[in-house]
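Working notes, beginning with the structure itself.
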Amino acid sequence: MKKGLIALIGIFLLSTTNSALYHDYITLEWRYLAKGGNVDMLVYDFDGDGFSEIQAGFYNDGFGYLINHTGGMIWNIQTVVGVEAVHSDDIDGDGIPELMFGGGRTIYIMNPQGNLSFKYITQNNIRSITSGDYDNDGFNDILLASQSIRTSDLIVLDREARVLWQESVGGTHPPDFIISDYNLDGSSEVIVAAGKSVKMYDNQGVTLWNYKVDGEATDLEVADLNGDGVDDYVVSSTSSVYALDNGGNLLWVYDTACVSEAVCVSDLDCDGVPEVAVGAYEKVILLDNEGKLLWENDAVRQVNDVTTGDLDLDGNLEVIAGSDIVVVYDCLGNTQWEYQPYMRVNQLRVADLEDDGVNDLLVGGLDNTIYLFKPRMVYLMRDKSGMLCSDAEQLYGAAEYDKAMECIREAIDIRDSYGVGECADNPNRCDTLYSKISEKVTPATSSSTSTSTTLSSSSTTSSTSQTTTTTEPAPPEENNNSLYMIIGGLVLGVALLLAVMKFISPGKGDE
């Protein structure tokens, strides 16, 4: 009995500690709090200062926002009701993008300084906005969806707010649409995924083709799936995922057997062939370009958005899915990192806000908050160092000595610059490996890559010098969640251990 209780306590301690020792290369940088859930956002450097801004809309908030890269508000526009759609493009041809906010039944067109250029009032709430040169006059036009309960009006406005085209489509989901010259005939077409159809219209409003889907269309992506140089269309619906060619013919269909709210097409492993990430009910799915399943992972309830981006700087893209939690998967489907906000995740964006070569992760939640997460170079380099040492050993075993030298030198540079990694934790391994490779490399390579000091001598540098060469500041104190969780788990575990030991210790009557 006593042994069983002690074993249970040990398992508790391990589980508490290990849960805090999760892959920790992404940390929270800041939060922006509004008065309603985030429903749309866009990232762009509007003022040309090298730092990107965030254009954001929140339902039931009454304002549209422009937020800087540090999480501070630059300006807002009062819309009375919540903003459910945002977009940006150069509408008047002056080379400067305008910012568009769909607040209630009104679309507001703003310049980057926050001044109103014009507005247009529709019959119903604006749920989607995009842009493109619809009438081929050299100026971008605005395409928006004004949605009632079961129908939506698609409206194209020119730069003077004149209606160029209007069409009604069905469906309870907000329509998704894009304007471009998709069939390469010199004129623009509009692709619309709405209700039970995916349609292509020409710039006169004539339907060129119409493909019927099961359930309702929910999301639309344009990509060249088969490498023929012509765009194809990937559409998610409330039951399946469809791939259509440029003429509206079915390439393949994948039955998700549940609602799929989001799709994202990207070349995850950089092999020149795209993959299709799908956010569905209680699962995240990755398909190849022919609609075959690559992997599937369980999710917490409905996945509302899915995107991709290289967060760990390994050259491959990660899949990021947002449901009740945010989860980052590597391209093989392994979970790298997760975070649980207070309420459901609605929007995800990956962008390099500071133009520092490291992608940031923006998360828009229904808890009235936009979160900015930032990968930390010190953590990335720590993990990379171990992989470099392993690669150097494998290359040495394959007699590829010059490449092995490149790997071990990069691992040493990480130690010297960041004070972390395999060469900092296990200098004997790196010292031995460096010496073995140095004996095998050609004289030219050895002289160009080796230094006057050996790894073992450089590893004796003081901790002070290591600290001064670290190029990245420590994460903010509020982001050290893993440390706090470890300490808290250990304290709680020790307290439980003492309490149980006291409980099971023999009393006088037991002796």
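The values are calculated or read from the model by the stated rules, or taken from the named source; none is laboratory data. What you see is a predicted model, and the numbers here were worked out from it, not measured in a lab. Cβ placement follows ideal geometry from the backbone for every residue including glycine, while neighbour counts extend to all protein chains displayed. For the accessible areas, the whole protein counts, side chains as well, though only heavy atoms, and no ligand, DNA or RNA atoms are used. Shrake-Rupley method; radii C 1.70, N 1.55, O 1.52, S 1.80 Å.
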- Note on the structure: Placing +1 on each Lys and Arg Cβ and -1 on each Asp and Glu Cβ in segment 137-230, then taking the dipole about the Cα centre, the residue among G171, I142, N203 whose Cα reaches farthest towards the positive end is G171
- For every other residue with a beta carbon closer than 10 angstrom to the beta carbon of S180, add +1 if it is Lys or Arg and -1 if Asp or Glu, then tell me the sum. -4
- About the Cα centre, charge dipole magnitude for segment 329-401 (Lys/Arg +1, Asp/Glu -1 at Cβ), debye: 300 debye
- Task: Would you work out if segment 92-250 is rounded, prolate or oblate? Take a ≥ b ≥ c from the square roots of the eigenvalues of the alpha-carbon gyration tensor; rounded if a/c is under 1.5, else prolate when a/b is larger than b/c, oblate otherwise.
- Result: oblate
- Note on the structure: The size of the Cβ-based charge dipole (Lys, Arg +1; Asp, Glu -1) of segment 144-292 about the Cα centre, to the nearest 20 debye, is 740 debye
- Query: L294 versus F118, label points 7 Å from Cα toward the beta carbon: distance in nm?
  - Reply: 4.5 nm
- Message: With every protein chain kept in place and ligands, DNA and RNA left out, what is the accessible area per residue of segment 146-305? Probe 1.4 Å, answer in Å².
- Response: 40 Å²
- Item | Packing-based order for 61-68, 366-373, 121-128, using average beta carbon neighbours within 10 Å, highest first | 61-68, 366-373, 121-128
- Task: When a/c is below 1.5 the answer is rounded, else prolate if a/b is larger than b/c, else oblate, so apply that to segment 149-234 with a ≥ b ≥ c taken from the square roots of the Cα gyration tensor eigenvalues.
- Result: oblate
- Query: When only Cα pairs under 8 Å and 6 or more residues apart are kept, what is the percent relative contact order across segment 243-366?
  - Reply: 16 percent
- Task: Go through segment 436-441 residue by residue and turn each phi into a ³J(HN,Hα) via Karplus (6.51, -1.76, 1.60, θ = phi - 60°); whole Hz please, and just put x for glycine and proline.
- Result: 4, 5, 4, 6, 9, 6
- Assigning unit charges at the beta carbon (Lys, Arg +1; Asp, Glu -1) and nothing else, what dipole magnitude in debye, to the nearest 20, does segment 172-216 show about its Cα centre? 180 debye
